[in-house]
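A short write-up of the structure that comes next.
The values are calculated or read from the model by the stated rules, or taken from the named source; none is laboratory data. Bear in mind the structure is a predicted one, so any value in this text is a computation, not a measurement. Reconstructed Cβ throughout: ideal geometry from the backbone, glycine too, with neighbour counts over all protein chains shown.
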């Protein structure tokens with residue numbers, strides 16, 4: 001999260017459905033030296049950054065708000081992004097908290113619900129500042145956590161805060177999405193056996209969550225194979241490297257529609273392939289959901305140091321169960337020879353050209 005993003009104001013509420021205890025915020029707090037201990041301010045910034053900076057995974061996803069009438073939260077966060085008085089901000093945050101309290105199941109862990117208004121100052125002074133709304137649910141360590149709902153937080157030290165809070169986000173959302181302009185929200189929805197995930201994303205936020213980029217990439221080939229099997233279309237492993245290389249050369253994000261077009265262009269499933277049927281299968285019957293994968297997920301892992309994504313091969317042949325080979329796409333492809341229904345792996349090196357490990 002950029003250092004030029006500040007917490008303009010926030011409220012904290014306490015939700016404990018298992019004990020039927022609910023405490024609304026009584027005031028609006030500000031991240032100023034006069035109101036917050038500096039270390040407490042850093043602690044809150046870290047919690048928000050944990051959502052803001054997190055790479056997409058199974059529990060961290062992009063999402064879009066649903067259409068009316070399931071747009072209650074969408075309307076409120078849009079309103080809170082506009083200039084509001086403290087009284088108006090408090091009232092809107094209470095409406096959000098009331099909604100979350102109502103949607104939270106009795107088995108959910110008790111905790112703090114924080115509503116934050118974030119402001120990002122533009123580096124170019126000719127541009128307007130950007131406003132984000134962060135909604136965070138943080139699990140409490142014990143019942144004394146209720147102290148945090150009031151202005152008493154302004155007198156608390158970081159040690160006292162950490163005695164009451166777990167410094168990990170249980171559930172959270174940032175509006176609008178800080179990294180993807182075509183999505184409304186970035187959502188963290190961590191699920192445990194007693195913490196059903198669906199109530200926050202679907203029932204409270206009212207949003208449709210996209211499968212994470214990583215999950216979609218990892219599951220793509222197996223779902224293509226599943227589609228071929230259910231539609232009785234030809235599928236050959238030898239065509240997979242060529243498909244991936246073709247997608248990379250397109251240099252644009254992979255959507256369901258663009259993938260269908262590429263599969264059709266390459267005749268990947270043969271002459272009986274129907275693009276509309278494939279799009280419907282991916283959206284409704286596959287583990288993928290509608291595709292929207294940044295092209296770099298095929299080329300490298302996102303992060304501070306780009307790392308090339310590897311092509312992995314696992315053997316189903318009983319004679320070779322347990323053997324796995326992975327490496328750069330072009331290199332692995334150069335090792336394979338397909339002929340007469342068989343594939344040959346050709347690797348030749350000198351006796352010092354490899355290393356043996358016992359794993």
Practice task
Could you tell me whether any residue of segment 286-303 is more than 20 Å from the chain's Cα centre (by Cα) and either surrounded by fewer than 13 Cβ atoms within 10 Å (Cβ to Cβ) or modelled with pLDDT of 85 or more (or both)?
Solution key: no
Exercise for the section: Filter segment 210-231 for residues that are at pLDDT 90 or above and either in contact with a strand residue (DSSP E or B) (Cβ under 6 Å, 6 or more places away or on another chain) or loosely packed, with under 15 Cβ neighbours inside 10 Å (or both) and give the result. Expected result: 222, 225, 229, 230
Practice task
Provide a single number: the residues in segment 121-141 that are more than 25 Å from residue 95 (Cα to Cα) and in contact (Cβ under 8 Å) with a residue 60 or more places away in the chain.
Solution key: 2
Problem - Residue among 264, 253 that alone is farther than 30 Å from residue 139 by Cα and modelled with pLDDT under 90 - result: 253
Handout entry: Hits in segment 232-258 - residues which are under 21 Å from residue 271 (Cα atoms) and buried (at least 16 other Cβ atoms within 10 Å of the Cβ)
Key = 233, 235, 239, 240, 241, 243, 244, 247, 256, 258
Handout entry: Residues satisfying the stated conditions in segment 211-232, i.e. in contact with a helix residue (DSSP H, G or I) (Cβ under 9 Å, 6 or more places away or on another chain) and either at positive phi or not in a helix (DSSP H, G or I) (or both)
Key = 211
Handout entry: segment 200-209 - residue that is surrounded by 18 or more Cβ atoms within 10 Å (Cβ to Cβ) and in contact with a helix residue (DSSP H, G or I) (Cβ under 7 Å, 6 or more places away or on another chain) and, of those, modelled with the lowest pLDDT
Key = 209
